[in-house]
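Written out below as structure tokens is the structure these notes cover.
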Amino acid sequence: MKHALLCFLCYIVSEAAPQDSANVSRIQVHAVRLQEQIVIDGLLSEPVWGNEFAFTDFTQKEPNQGIPSTLRTEVRVAYNDAAIYIGARMHDDSPDSIMQILSRRDQYPIADWFGVFLDPYHDRRTGNFFAISAGGSFIDGVLYNDDWDDESWDGVWEGKACVDGKGWTAEIRIPYSQLRFRDEKAQVWGINFQRDIGRRRENDLLVYTPRNQSGFVSRFADLVGMEDVNPPRRFEVLPYVTGKGEYTHPASNNPFNNGSRYSPGAGADIKLGIGNNLTMNATVNPDFGQVEVDPAVVNLSDVESFFEEKRPFFLEGSTIFNFGQGGARNNWGFNWPGPDFFYSRRIGRTPQGSLPNADFSDVPQGAHIISAAKMTGKIYDGWNFGTIQAVTAREMADLDTAGHDFRYEVEPPAYYGIVRAQRDFDGGRQGLGFISTVAARKFSDARLRDDINNNSEVIGVDGWTFLDDDKVWVISGWAGVSHVEGNRERMVSLQRNSQHYFQRPDATHFSVDSSLSSMDGYGVRLWLNKNKGNFFSNSAIGILSPGFDMNDLGFQSRADVINMHIGGGYSWSEPGEVLRYAEAGGAVFQNLDYDGNVTWRGIFNFGSVQFLNYYGVNWNLAYNPETVNNRRTRGGPLTLNPPGYQLNLDVSSDSRKSFEADVYGFTYQSDVQRDWQAGITLTWRPVANVSVSVGPSYDHDREYAQWVTSADDPTATATFGRRYLFANLDQRTLSANIRMNWTFTPTLSLQLFLQPLISSGDYAQYKELARSRSFDFRVYGTGSSTLAETKSTDGSVSYTADADGSGPAVPIAFDNPDFNTKSLRGNAVLRWEYLPGSVVYFVWTQSRYNETNIDGNFQFNNSVDRLFKTQADNIFLVKFSYWFNM
């Protein structure tokens with residue numbers, strides 16, 4: 001019902017909205033109707049490619065903005081009843097210098113490229129792009145918000161490139177089934193072309209955006225001459241079958257897993273055009289085994305780790321669900337915990353239900369997605385519209401205790417829904433959008449009601465308005481409300497979790513209410529941004545109320561925040577005698593909570609320069625004065641943040657070369673933390689179709705108030721009847737991201753990814769917070785306090801801390817928190833597109849994991865030896881799909 005109301009609101013506002021009346025003189029590109037068949041071979045041998053309507057006036061965007069291109073380019077456009085065709089001749093006096101890089105689809109290395117940008121709906125804000133390299137690689141994606149692009153969309157189209165004595169040529173065929181446009185006799189589309197000359201780092205366009213301005217799609221030329229073209233009926237089916245074998249090393253006598261599992265699977269993806277403007281994507285029993293594994297992390301904070309979405313169904317067309325950032329060129333944050341209203345990885349998430357103790361358990365890795373449907377396109381006179389509806393299954397864990405098997409529900413069946421709509425008015429000078437998300441669950445096991453929300457809803461509105469006719473200054477932002485329901489036990493847990501900490505004893509604006517069966521909250525964010533000119537400016541204020549919560553279908557790290565900043569800077573966009581580009585800027589920022597405590601503030605400076613040889617340097621530095629910390633005690637009293645400063649430096653080499661390097665260093669220094677980070681990414685392209693990158697990094701972090709535990713003690717009056725234990729932590733982490741991409745042909749590629757990680761944490765000097773709103777601690781083992789260590793027969797250690805020895809204080813027992821983690825994750829994906837849209841995947845995934853808490857010292861040789869002696873878990877998968885276009 002809420003979603004239907006949202007669609008109705010879109011219709012009402014669109015009826016009252018002013019239309020764009022701007023009458024701007026634009027370049028026109030003429031398309032010619034085909035009279036013969038075209039073979040897509042890259043040779044441009046058909047007569048149509050010699051017609052009089054060649055476009056040749058290209059202008060440089062880089063490196064010398066605004067002057068004619070250094071090499072001649074000829075582009076012609078043709079069409080028939082099924083597709084639009086592009087033929088391009090890229091003249092080059094040195095064809096042996098053309099960079100014929102062959103890369104995986106949607107990778108954009110420095111090379112020679114030709115691309116076409118289309119705005120078929122002619123709304124001046126959205127569209128599609130298609131590009132081909134001189135080596136035959138493809139890039140495609142969608143354009144949105146006038147300036148932004150997204151390469152997650154993969155269309156089904158054809159293209160060929162050919163290098164000859166005159167330079168190189170490109171021939172492209174784009175079926176109308178991949179585009180959305182109006183049903184009109186005479187079509188007028190937006191169009192743009194781009195040619196990249198790799199060795200010169202030159203980008204030439206039909207129409208370009210100056211460096212100190214914004215707007216890309218709105219500047220496109222008009223494509224005219226296309227008549228009697230009817231939008232086709234769009235119906236695509238992609239059935240697939242999978243076979244998976246898992247070879248793991250479970251504990252001996254595990255009744256649920258003997259070390260090998262085999263599981264066949266089948267499903268289908270469906271794409272259906274609804275009218276001319278909407279497309280529905282549906283998936284039944286989806287399988288995403290071909291996606292890259294998530295990196296390993298060691299998270300000692302109270303904030304959930306965020307992982308990027310990699311599943312194709314949720315990636316494709318996902319830009320329609322972006323919320324709150326339209327209209328502005330920059331959306332700076334400065335410690336703003338910007339919530340994501342839609343975090344698609346919640347669909348199919350790891351089961352949330354708690355488990356009883358058992359000897360053996362077999363728990364699903366994620367909730368199975370039974371089916372999902374997505375609809376995107378335009379409705380009601382230009383409203384961009386998107387919706388996803390998904391259903392996940394009830395998930396059961398198999399448990400065994402003393403030989404007795406039983407099943408335990410860990411995730412109830414659930415429905416997830418999101419509706420998004422957005423429209424711009426008056427030529428993009430104003431914009432308005434809505435979003436609504438719903439998560440609802442059906443419980444058959446009442447026990448799970450204590451662990452999981454019953455249902456939740458979030459509704460938001462976003463938009464922007466320019467303050468002047470030249471679209472220089474813009475106000476943008478969003479506002480939203482949340483509503484979460486559950487039983488009283490669940491609502492108490494929600495109020496006490498790390499996003500809210502309602503149990504804080506010194507909070508004055510909220511407290512835990514055990515009578516609640518629902519929780520409500522709101523959030524607001526407003527930006528003032530300067531979109532054009534060498535001088536840039538960005539200021540913002542944002543509020544997240546203590547009860548705001550969107551984590552059922554979004555991502556939010558914390559609430560109870562009032563954030564603000566004022567910033568600006570200057571860019572030097574014209575090349576000089578030494579620099580090609582430079583910018584410098586800064587900001588002042590501050591965070592408060594609802595009690596008025598200043599929880600963060602600082603002064604920030606940043607800058608970057610690029611030299612004429614394309615080497616670059618980026619830096620930032622900040623100073624943070626003393627502030628209050630309302631999270632360090634994890635629901636306990638306030639503490640203080642001592643003053644600190646940060647430095648960050650990044651140096652990069654010329655990416656045109658076969659060998660490329662990027663080096664960075666970072667440090668944060670204060671009385672609570674001394675952190676040093678350094679890393680380097682080396683990329684080597686030994687031949688045109690192979691790239692290898694190695695990115696090792698090292699992080700040495702010394703924390704002087706690392707959380708350990710807390711416990712009730714009525715004698716701890718200075719900290720509200722509870723003791724909060726901390727320690728000094730010496731954490732060292734060495735990791736690397738290693739990748740190899742080997743592209744055999746434009747349709748056959750091998751991708752390898754490997755991430756080794758070694759992380760150790762040595763805890764020492766256990767202590768307790770002496771008093772609230774301070775950074776004072778009492779170290780255990782000094783004065784009258786004691787710290788007793790107990791070693792078990794297996795070598796593990798536990799401690800008992802007593803604040804006053806033989807006095808009335810309650811002793812606190814805790815296990816040794818030291819850790820030494822070794823991980824190796826990787827996968828290999830062979831992808832073969834044997835027919836357009838039809839793909840076979842061969843996937844191998846391997847993982848090794850070893851962890852001990854006996855010794856927290858960093859020992860590289862010992863860790864590497866343990867890692868490679870750890871038995872590997874291997875998963876092999878084959879996925880076969882076939883594309884039907886009906």
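Somewhere in segment 684-700, is a residue touching a Lys or Arg at 6+ places or on another chain (Cβ under 9 Å), farther than 22 Å from GLN107 by Cβ and modelled with pLDDT under 95?
No, segment 684-700 contains no residue that is touching a Lys or Arg at 6+ places or on another chain (Cβ under 9 Å), farther than 22 Å from GLN107 by Cβ and modelled with pLDDT under 95.
Give SER476, SER482 a once-over and let me know the one that is closer than 27 Å to TYR416 by Cα, outside any loop (DSSP other than H, G, I, E, B) and open to solvent by less than 40 Å² (accessible area, probe 1.4 Å).
Within the list SER476, SER482, the selection yields SER482.
Test ALA83 against the stated conditions and say whether it is open to solvent by 30 Å² or more (accessible area, probe 1.4 Å) and aliphatic (A, V, I, L, M).
no
What do you reckon, is ARG261 surrounded by 15 or more Cβ atoms within 10 Å (Cβ to Cβ), closer than 30 Å to ALA390 by Cα and over 28 Å from the mean Cα position of the chain (by Cα)?
Values: surrounded by 15 or more Cβ atoms within 10 Å (Cβ to Cβ): no; closer than 30 Å to ALA390 by Cα: yes; over 28 Å from the mean Cα position of the chain (by Cα): yes.
So ARG261 does not fit the description; no.
Looking only at segment 310-323, which residues are modelled with pLDDT under 85, open to solvent by 30 Å² or more (accessible area, probe 1.4 Å) and not polar (S, T, N, Q)?
The answer is LYS310, ARG311, PRO312, LEU315, GLU316.
Kindly indicate which of GLY348, GLY326 is open to solvent by less than 40 Å² (accessible area, probe 1.4 Å) and either under 30 Å from GLN213 (Cβ atoms) or among the acidic types (Asp, Glu) (or both).
GLY326
Where in segment 359-414 are the strands (runs of 3 or more DSSP E), entirely inside, with at least 3 residues that are touching a strand residue (DSSP E or B) at 6+ places or on another chain (Cβ under 9 Å) and either surrounded by fewer than 17 Cβ atoms within 10 Å (Cβ to Cβ) or not small (Gly, Ala, Ser) (or both)?
Here the list reads 369-379, 383-392, 395-401, 404-411.
Scan (1) surrounded by 18 or more Cβ atoms within 10 Å (Cβ to Cβ); (2) without any contact (Cβ under 8 Å) to a residue 60 or more places away in the chain; (3) of a type in the set (Gly, Ala, Ser) for the single condition ALA161 breaks and write down its number.
Looking at each condition in turn, ALA161 falls short on (2).
Would you pick out the residues in segment 1-53 that are at pLDDT below 50, open to solvent by 50 Å² or more (accessible area, probe 1.4 Å) and in a loop (DSSP other than H, G, I, E, B)?
MET1, PRO18, GLN19, ASP20, SER21, ALA22, ASN23
With respect to GLY267, is the statement that it is open to solvent by less than 50 Å² (accessible area, probe 1.4 Å) and under 25 Å from SER436 (Cα atoms) true?
No.
Test each condition in (1) surrounded by 20 or more Cβ atoms within 10 Å (Cβ to Cβ); (2) under 30 Å from SER691 (Cβ atoms) for GLU768 and report the one that comes out false.
(2)
Failed condition for THR733, given (1) crowded, with 18+ Cβ neighbours inside 10 Å; (2) without any contact (Cβ under 8 Å) to a residue 12 or more places away in the chain; (3) β-branched (Val, Ile, Thr), with all others met?
(2)
Which condition number does VAL77 fail, the rest of (1) surrounded by fewer than 23 Cβ atoms within 10 Å (Cβ to Cβ); (2) of a type in the set (Val, Ile, Thr); (3) over 25 Å from ASN281 (Cβ atoms) being met?
(1)
Looking at segment 427-484 only, could you name the residues that are β-branched (Val, Ile, Thr) and over 28 Å from the mean Cα position of the chain (by Cα)?
Selection gives VAL472 alone.
Does segment 94-130 hold any residues that are free of Cβ contacts under 8 Å to residues at least 24 places away in the same chain and not aromatic (Phe, Trp, Tyr), and which are they?
Going through segment 94-130, the residues free of Cβ contacts under 8 Å to residues at least 24 places away in the same chain turn out to be 94, 96, 129.
Across segment 94-130, the qualifying residues are SER94, ASP96.
Check GLY463, GLY486 and return the single one that is more than 30 Å from PRO637 (Cβ to Cβ), in contact (Cβ under 8 Å) with a residue 12 or more places away in the chain and touching a Ser or Thr at 6+ places or on another chain (Cβ under 8 Å).
That would be GLY463, the only listed residue that is more than 30 Å from PRO637 (Cβ to Cβ), in contact (Cβ under 8 Å) with a residue 12 or more places away in the chain and touching a Ser or Thr at 6+ places or on another chain (Cβ under 8 Å).
Quick one: in segment 139-156, of everything that is of a type in the set (A, V, I, L, M, F, W, C) and more than 19 Å from ILE197 (Cβ to Cβ), which residue is farthest from the chain's Cα centre (by Cα)?
The first filter runs over segment 139-156 and keeps only residues of a type in the set (A, V, I, L, M, F, W, C), leaving 139, 142-143, 148, 153, 156.
Going one step further and asking which of them are more than 19 Å from ILE197 (Cβ to Cβ), we end up with 142-143, 148, 153, 156.
Values: VAL142: 16, LEU143: 17, TRP148: 15, TRP153: 15, VAL156: 24 Å.
That would be VAL156.
Of all residues in segment 434-465, how many are of a type outside the set (Val, Ile, Thr), part of a strand (DSSP E or B) and touching a Phe, Trp or Tyr at 6+ places or on another chain (Cβ under 7 Å)?
4
Can you tell me which residue within segment 90-134, out of those that are of a type in the set (Gly, Ala, Ser) and under 16 Å from ALA161 (Cα atoms), is surrounded by the fewest Cβ atoms within 10 Å (Cβ to Cβ)?
Applying the filter and picking the extreme gives SER97.
Considering segment 808-848 alone, what residues qualify as being out of contact with any Leu (no Cβ under 7 Å at 6 or more places or on another chain) and free of Cβ contacts under 8 Å to residues at least 40 places away in the same chain?
PRO811, ALA813, ASP815, TRP844, GLN846
Find the residue count for segment 848-886, including only residues that are over 30 Å from ALA764 (Cα atoms), at pLDDT below 90 and out of contact with any Gly (no Cβ under 8 Å at 6 or more places or on another chain).
Final tally of qualifying residues: 1.
Mind counting the residues in segment 270-285 that are open to solvent by less than 50 Å² (accessible area, probe 1.4 Å) and either of a type in the set (A, V, I, L, M, F, W, C) or at positive phi (or both)?
Residues flagged as open to solvent by less than 50 Å² (accessible area, probe 1.4 Å) and either of a type in the set (A, V, I, L, M, F, W, C) or at positive phi (or both) within segment 270-285 amount to 2.
Scan segment 789-797 and give yes if some residue there is at pLDDT 95 or above, surrounded by fewer than 19 Cβ atoms within 10 Å (Cβ to Cβ) and not in a loop (DSSP other than H, G, I, E, B), otherwise no.
The answer is no; no qualifying residue exists.
Where in segment 60-144 are there strands (runs of 3 or more DSSP E), lying wholly inside it, with at least 2 residues that are farther than 30 Å from LEU750 by Cβ and at pLDDT 95 or above?
Where strands (runs of 3 or more DSSP E) fall fully within segment 60-144 and carry at least 2 residues being farther than 30 Å from LEU750 by Cβ and at pLDDT 95 or above, they are 73-79, 83-91, 113-119.
Does GLY190 satisfy the criteria of being farther than 30 Å from LEU399 by Cα, touching a Pro at 6+ places or on another chain (Cβ under 9 Å) and assigned to a strand (DSSP E or B)?
Spelling it out, GLY190 is indeed farther than 30 Å from LEU399 by Cα, touching a Pro at 6+ places or on another chain (Cβ under 9 Å) and assigned to a strand (DSSP E or B).
Looking at GLY856, GLY805, can you tell me which residue is part of a loop (DSSP other than H, G, I, E, B), in contact (Cβ under 8 Å) with a residue 60 or more places away in the chain, open to solvent by less than 50 Å² (accessible area, probe 1.4 Å) and within 30 Å of ASP712 (Cβ to Cβ)?
When all the criteria are applied, what remains is GLY856.
Of all residues in segment 520-554, which are under 16 Å from ARG496 (Cα atoms), over 23 Å from the mean Cα position of the chain (by Cα) and open to solvent by less than 20 Å² (accessible area, probe 1.4 Å)?
Within segment 520-554, GLY521, SER545, PRO546, GLY547 qualify.
For MET564, which of the numbered conditions (1) farther than 30 Å from THR508 by Cα; (2) open to solvent by 30 Å² or more (accessible area, probe 1.4 Å) fails to hold?
Among (1) farther than 30 Å from THR508 by Cα; (2) open to solvent by 30 Å² or more (accessible area, probe 1.4 Å), MET564 violates only (1).
The values are calculated or read from the model by the stated rules, or taken from the named source; none is laboratory data. Owing to the predicted nature of the structure, the values given are computational and were not obtained by experimental measurement. Neighbour counts run over all protein chains shown; Cβ positions are idealised from the backbone, glycine included. Ligands, DNA and RNA are stripped out before the accessible areas are found, and what is left, the full protein with its side chains, is counted by its heavy atoms. Shrake-Rupley method; radii C 1.70, N 1.55, O 1.52, S 1.80 Å.
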